[in-house]
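Working notes, beginning with the structure itself.
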Amino acid sequence: MTARYGEVSTGYWAGIVIGGVLVVVLMWSTVTALVRVRRRRASTATVAVTNRPGGTTAEEARAHARCRLLIAEALVVRERVSGRIDAATYQARMKDLASGARR
């Protein structure tokens, strides 16, 4: 019984099989990564082509309005964290942003 195990451990075939499996796994992961990059580039190119600088749709207008509100909120939070405004002013500004009074 020990002679069989000795033959397995002294041969080169186990190392060759393990090396072959590792090469196949490396090739598979590389190809997968390249396919992902290609898909990402293709999808961004499609978006860039479909977005025209002309008239905006209602959905795009809402998206820009939400973006502007998020930027305004981030500016108010930054002022509060840096200590430039007090808690009452912060609450008033956030209430104005939530109610839509400030544009």
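Evaluate the following for ILE71: is it modelled with pLDDT of 85 or more, of a type in the set (A, V, I, L, M, F, W, C) and under 23 Å from the mean Cα position of the chain (by Cα)?
yes
Could you please tell me which pairs satisfy a Cβ distance under 6 Å, a separation of 6+ or placement on different chains, a first residue in the stretch 78-101 that is surrounded by 10 or more Cβ atoms within 10 Å (Cβ to Cβ), and a second residue that is aromatic (Phe, Trp, Tyr)?
From residues that are surrounded by 10 or more Cβ atoms within 10 Å (Cβ to Cβ), the pairs are ARG80/TYR90.
The values are calculated or read from the model by the stated rules, or taken from the named source; none is laboratory data. As the structure is a prediction and not an experimental result, all values here were calculated from the model. Ideal geometry is used to build each Cβ from the backbone, glycine not excepted, and the neighbour counts take in all protein chains shown.
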